[in-house]
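For reference, the structure discussed in these notes is given below.
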Amino acid sequence: MLDQKETIKVVADCRNDKCGRVAVLTVELEKLERWMKGENIKDVFPNLTANEREVIIQGCRGNYYLCESCWDLLMVEEEE
Ligand SMILES: [Zn+2]
């Protein structure tokens, strides 16, 4: 039997039109399904960064993704 886990690519477009960056993250299908069934994303993907988890959430459920660079820009703007 193969021990290799099935993986799936999650894709999220940055919502900043000027940026156009697309984030792609490969995750184990089994874990993605666990999260979709209601498990806490931090428990299912403890090794991912907050931004990587955001790719999963927005890639699967929404369209409000901001890539890391644009997120930093937003933070700077809000400080002013
Ligand atoms: Zn961006």
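The values are calculated or read from the model by the stated rules, or taken from the named source; none is laboratory data. None of these values were measured; they are calculated from a predicted model. Here the Cβ is made from the backbone with ideal geometry for all residues, glycine too, and neighbour counts use every protein chain on show.
Select, from M36, M75, the only residue that is modelled with pLDDT of 85 or more, more than 10 Å from the ligand (Cβ to nearest atom), surrounded by fewer than 15 Cβ atoms within 10 Å (Cβ to Cβ) and of a type outside the set (S, T, N, Q).
Numbers: M75 fails: modelled with pLDDT of 85 or more.
Checking each option against the conditions leaves just M36.
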Scan the range 7-31 and report the pairs whose first residue is within 16 Å of the ligand (Cβ to nearest atom) and whose second residue is of a type in the set (K, R) and in a strand (DSSP E or B), with Cβ atoms within less than 6 Å and a gap of 6+ or a chain change.
V24/K9
Quickly run through the range 39-72 and pick out the residues that are of a type outside the set (D, E, K, R), more than 13 Å from the ligand (Cβ to nearest atom), part of a helix (DSSP H, G or I) and within 22 Å of C14 (Cα to Cα).
I41, A50, I56, I57, G59, C60
